[in-house]
Amino acid sequence: MRSIDALDGSEPKLRQTRVSRDPNEVSLVFENRGDASIKSYWVNESSGEEVHVGELDGNGELSMKSFHGHTFVFKDQDGSVVFSHTVAKDGGHEQRHVVMDSEEL
C-alpha cells in the first residue's frame, strides 16, 4: 500500500540496464554484386568441416552475427571457392564485405 501512496501521478522512471556485448561479436553483411548465386559456409576450426549458413542470390546480401576468428568461405554453383574471410574484430563491430563483384566475372 505504501508503494501506491508514494505515487505522485507521473509515470515511474524505468531503470535503464545496459546489455553487455561480447567484445568478440561482429555483425557482418556479405554482399554479392554478381548475377550468380553463391553459397556461404562457416568453417569449423577444430574439424575443418564446412557448415552451410546461407546463400547470397545474385545482387543480394547475407547478414549474420559471428565472432572474431571465425572463417567463412563462399562457393559458386560449381563448388569453387570465390571468396574467403576470417572475421577480425579490429575491423569494427559492424562490417560489410563484397564477396563477388560483377566486374570479377
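Each reported figure results from applying straightforward, stated rules to the coordinates on display, with no laboratory input. Predicted model, so just to flag it, every value in this text is computed and none were measured. All Cβ positions, glycine included, derive from the backbone under ideal geometry; neighbour counts span all protein chains shown.
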Review point. Among the residues of the stretch 84-92, is any closer than 12 Å to V29 by Cα, β-branched (V, I, T), surrounded by fewer than 16 Cβ atoms within 10 Å (Cβ to Cβ) and within 15 Å of the chain's Cα centre (by Cα)?
Key: no
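So which residues in the stretch 68-78 are in a loop (DSSP other than H, G, I, E, B) and either of a type in the set (A, V, I, L, M, F, W, C) or under 15 Å from Q95 (Cβ atoms) (or both)?
Matches in the stretch 68-78: H68, G69, H70.
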Check your understanding: So which residues in the stretch 93-105 are surrounded by 11 or more Cβ atoms within 10 Å (Cβ to Cβ) and in a strand (DSSP E or B), if there are any at all?
Key -> Q95, R96, H97, V98, V99, M100, D101
Practice item. Among residues belonging to the stretch 17-67 that are of a type in the set (S, T, Y) and assigned to a loop (DSSP other than H, G, I, E, B), point out the one that is surrounded by the most Cβ atoms within 10 Å (Cβ to Cβ). Key: S37
